[in-house]
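Engineer: One structure, as structure tokens, below. Some questions next.
The values are calculated or read from the model by the stated rules, or taken from the named source; none is laboratory data. From a predicted model like this one, the values you see are computed outputs, not experimental measurements. No Cβ is skipped: glycine too gets one built from the backbone with ideal geometry, and neighbour counts run over all protein chains shown. For the accessible areas, the whole protein counts, side chains as well, though only heavy atoms, and no ligand, DNA or RNA atoms are used. Shrake-Rupley method; radii C 1.70, N 1.55, O 1.52, S 1.80 Å.
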Amino acid sequence: MSSCLQEGDDSIFRTLFAAYPDALLVVDASGCIVLANPAAADLLGYAVEQLTGLGVDELVPDAIRPSHAAYRAAYARAPRVRPMGTQMELVAKRRDGSEVLVEIALSPLKEHGLPYTVAAIRGIATYPRVRQALQRARYSEQLAQFGRLAVDSRDTDALMQEAPRVVAEALEVDVAVIYLCDAGVSDLRIAGGVGLLWGDAVGDRVSGAPGTPQGFVLAQTDPVTIDDFRLESRFQVPQPLFNAGLTSGVAVPLVDRRRPVGVVFACSRAQRTFGDEELRFLESLANLMMTTLQRISSEEQLSHQRQLESIGQLTGGIAHDFNNLLTVISGNLQVMEDAPAIASDALLQQMLGAAARATTRGAELTSKLLAFSRRQVLQPSRIDTPALLQSLTGMLRRTLDQHIGIEVEFSPHCPDCLADSSQLESALLNIAINARDAMPDGGTLSFGCRLANPPEALRADLNPTGYLAISVADTGFGMPEEVKQRAFEPFFTTKKSGRGTGLGLSTVYGFAKQSRGGITLESTEGKGTTVTLYLPLAQEATPQPDDADDSLTPDHVPPGLRVLLVEDDVEVRAIVTRFLESLRCKVTTCMTAEQSLPLLA
Ligand code: ADP
Ligand code: MG
């Protein structure tokens, strides 16, 4: 074709220049545009005339202008052909300030005797591959930002507000909602949302039944996409969703250790087909949320544990000292009762009796405090829990109000656990009585036991044999959050004075801990409460409980029995010695365990 072209006949080049699909700019040595084609005007948002005369620096985003000037100076010193695709993706600034991703090829015309450089510029943001990469980069950026927030967060509510915002922004959807299960999967709560449309607000409860969109997603293990709600047949689409003009949707279930606990749902008015990138984004966000929620809740549990721990140490110390005082008082009272001067005086006898009864009540109280602070004397043995539950529920059926139904459920091969059986019985009784108090109009009390590990934060030292979970659930009025937080504290009660002592759950807590197990409390206001005791399983070698009661009663103490008494409190030591001597024992006393060892030998 070159043979057809005549010297000076440049109309074909002009036409070629004008018709070329890439943007072409001819730039002089000072960086001034001398020629631009319509594709350049189009790409950069100028008219062709506006581009001629413009400095190329105008087309560079402000942030990279200095480095661009340096680059241009270097290029001017040693110009060379630079083809497309060799350079990183560059950014050009359009007239309206927006930025466009481009590839640029440079061809110096110096060798052809012209002091110009031709820049061929191709906008690449419209290539599918590039668009996808850009999209992915944007999603990663959003996730990274959300991740930073999640790592720092102590506040689940804030996280629940932020997550839907991130979803709406990243996926460019009109509605994004997070549903969480509180009690069971059939009952969801809107934990956060943007663009909430169908008459809902954060905090509202909604159904999680399988026929609802959120219930359907909850029952899935994989993400769900809805191209068009009008064609949906897997679940019933609520009318308000149509009224809001929503057309397409995408959702993922939130899963905590394979248990569905919620749903993230996003909907758009525009008809969309959500693809792999969107699903992956939503799944990553859901995972991030779940890990953060788990972390926050185990931190809360831990700090709650520590708080109870320190209350326990405090009350334990007080109870121990108080117990010593009571021992001295009651011991002296008993000795006085037998004194001849008093034995013959009816009034004094009466007064002594009242004082003794008061000390007994005091002793009961301190024993509960000692139980809470894990200092009660426990006699652990193998327990056949189903049998214990059968006998306990039998007793409860006879004594509780007829309006309270009692159910028991356990797996057929329930292994034995290791605990003090009478304390376990009294713990379950305590829990049952609380349940009764929470169901003044009747309800159902369900006992169950199964193999299950307690939540991580509750495991003091990992029991290699595993745990038995004994649960007591009621359908009573439940507890508000403030009560749930404090229910295990000694003396915390919401009951009228005379009805509650606030020592029920605290002793159960201490018992569970001292038995190397744990206890959890789940409660929803208006729905009910479930208390679960975790007790270590009995090892093969653990002996059966010993029925023979060989404790010594005063009547069976053989005269002249030699007793080694170890007690650090002087007054307690004195009164116990006197007491033992009255039983005709031969008493040797010492202060500490160390002192006692040589004496024993
Ligand atoms: P008390 O029963 O003497 O009040 P507890 O330590 O047994 O003391 O319980 C502390 C508080 O926890 C109760 O006052 C009550 O507010 C709450 N509580 C315990 N169990 C339940 C339950 N099953 N349902 C509702 N609230 C309960
Ligand atoms: Mg109670």
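Engineer: Pop a pseudo-label 7 angstrom from the Cα along the beta-carbon direction at both Asp42 and Arg77 and give the gap in nm to one decimal.
Structural biologist: Label-label distance for Asp42 and Arg77, simple model: 3.9 nm.
Engineer: May I ask you to compute the full-extension gain from Arg258 to Arg95, defined as 0.36 nm times their residue separation minus their alpha-carbon distance, rounded to one decimal in nm?
Structural biologist: 53.4 nm
Engineer: Aspartates and glutamates within cross-link reach of Lys586: Cα-Cα under 17 Å, excluding same-chain residues under 8 positions apart?
Structural biologist: Excluding near neighbours in sequence, the set is Asp555, Glu567.
Engineer: Shape verdict for the chain, please, from the Cα gyration tensor: rounded (a/c under 1.5), prolate (a/b greater than b/c) or oblate.
Structural biologist: It comes out prolate by the Cα gyration axes.
Engineer: Here's something else I'd like to know. Within the chain, which is the longest segment containing none of the trypsin sites (Lys or Arg not before Pro) that sit in a DSSP loop and have at most 15 other Cβ atoms within 10 Å?
Structural biologist: Here the longest run is 270-458.
Engineer: Something else: Compute the angle between helix 385-399 and the longest alpha-carbon principal axis of the chain, please, reported from 0 to 90 degrees and rounded to the nearest 10.
Structural biologist: Helix 385-399 sits at roughly 70 degrees to that axis.
Engineer: To continue, here is another question. What's the angle, to the nearest 10 degrees (0 to 90), between helix 346-372's Cα axis and the longest principal axis of the chain?
Structural biologist: 30 degrees
Engineer: Tell me the relative contact order for the chain as a rounded percent, counting alpha carbon contacts under 8 Å between residues six or more apart.
Structural biologist: 8 percent
Engineer: From the Cα gyration tensor of the stretch 93-209, with a ≥ b ≥ c the square roots of its eigenvalues, which class applies: rounded if a/c is under 1.5, or else prolate if a/b is larger than b/c, or else oblate?
Structural biologist: Cα axes put the stretch 93-209 in the prolate bin.
Engineer: Still on this structure, please answer the following. Assign unit charges at the C-beta atoms only (+1 for Lys and Arg, -1 for Asp and Glu), then state the dipole size of the chain relative to its Cα centre in Debye, rounded to the nearest 20.
Structural biologist: Rounded to the nearest 20 debye, it is 380 debye.
Engineer: Can you tell which of Ser515, Thr589, Ile575 lies farthest toward the positive end of the dipole of the chain, using +1 and -1 charges on the Cβ of basic and acidic side chains (Lys, Arg; Asp, Glu)?
Structural biologist: Positive-most Cα among the choices belongs to Ser515.
Engineer: Follow-up. Suppose the chain between Ser140 and Glu525 were pulled fully straight at 0.36 nm per residue; how much longer would it get relative to their current alpha carbon spacing?
Structural biologist: Contour length minus the Cα-Cα distance gives 134.6 nm.
Engineer: Place +1 on the Cβ of every Lys and Arg and -1 on the Cβ of every Asp and Glu in the chain, take the dipole about the Cα centre, and give the residue among Ile190, Ile406, Gln145 whose Cα lies farthest towards its positive end.
Structural biologist: Among Ile190, Ile406, Gln145, the one farthest towards the positive end of the dipole of the chain is Gln145.
Engineer: Another question, then. Let me know the charge dipole size of the stretch 151-191 about its Cα centre in debye, to the nearest 20, where only the beta-carbon of Lys, Arg (+1) and Asp, Glu (-1) is charged.
Structural biologist: Its charge dipole is roughly 100 debye.
Engineer: Along the charge dipole of the chain, Cβ charges K/R +1 and D/E -1, which of Leu369, Gly442, Leu101 sits furthest on the positive end?
Structural biologist: It is Leu101, whose Cα lies furthest towards the positive end.
Engineer: With a cap of 13 neighbouring Cβ atoms within 10 Å, and only residues DSSP puts in a loop, list the GluC sites (Glu not before Pro) found in the stretch 108-213.
Structural biologist: In loop regions of the stretch 108-213 (DSSP not H, G, I, E or B), the sparsely surrounded GluC sites (Glu not before Pro) are Glu172.
Engineer: Write down the accessible area per residue of the chain in Å², having rolled a 1.4 Å probe over the full set of protein chains.
Structural biologist: Solvent-accessible surface per residue comes out at 55 Å².
Engineer: Another one. Helix 421-438: angle to the longest alpha-carbon principal axis of the chain, degrees 0 to 90, nearest 10?
Structural biologist: 70 degrees
Engineer: Looking at the square roots a ≥ b ≥ c of the eigenvalues of the Cα gyration tensor of the stretch 151-210, which shape do they give, rounded for a/c under 1.5, prolate if a/b is larger than b/c, or oblate?
Structural biologist: Taking the square roots of the gyration eigenvalues as a ≥ b ≥ c, the stretch 151-210 is oblate.
Engineer: I've got another one for you. How many percent of the accessible area of the chain is carbon or sulfur, using a 1.4 Å probe?
Structural biologist: With neighbouring chains kept in place, the figure for the chain is 54 percent.
Engineer: Given only helices, namely DSSP H runs of n ≥ 4 each adding -39500 (n - 2.57), what is the per-residue ellipticity at 222 nm of the chain, to the nearest 500 deg cm²/dmol?
Structural biologist: My calculation for the chain gives -13500 deg cm²/dmol from helical runs alone.
Engineer: Still on this structure: Only Lys, Arg, Asp and Glu count, each charged at its Cβ (+1, +1, -1, -1), so figure out the dipole size of the stretch 427-533 about its Cα centre, rounded to 20 debye.
Structural biologist: 260 debye
Engineer: Another one. Over the stretch 232-312, what is the relative contact order in percent, taking alpha-carbon pairs closer than 8 angstrom and at least six residues apart?
Structural biologist: After rounding, I find 24 percent.
Engineer: Let me ask something else. Subtract the Cα-Cα distance of Glu169 and Glu283 from 0.36 nm times their separation in residues, and report this length gain in nm to one decimal.
Structural biologist: 39.5 nm
Engineer: At a threshold of 8 angstrom on Cα-Cα distance, excluding pairs fewer than six apart, so keeping six or more, what relative contact order does the stretch 401-458 reach in percent?
Structural biologist: 63 percent
Engineer: Taking R0 as 60 Å, what's the FRET efficiency between Ser297 and Ala354 from their Cβ-Cβ distance, rounded to 0.05?
Structural biologist: After rounding, the FRET efficiency stands at 0.75.
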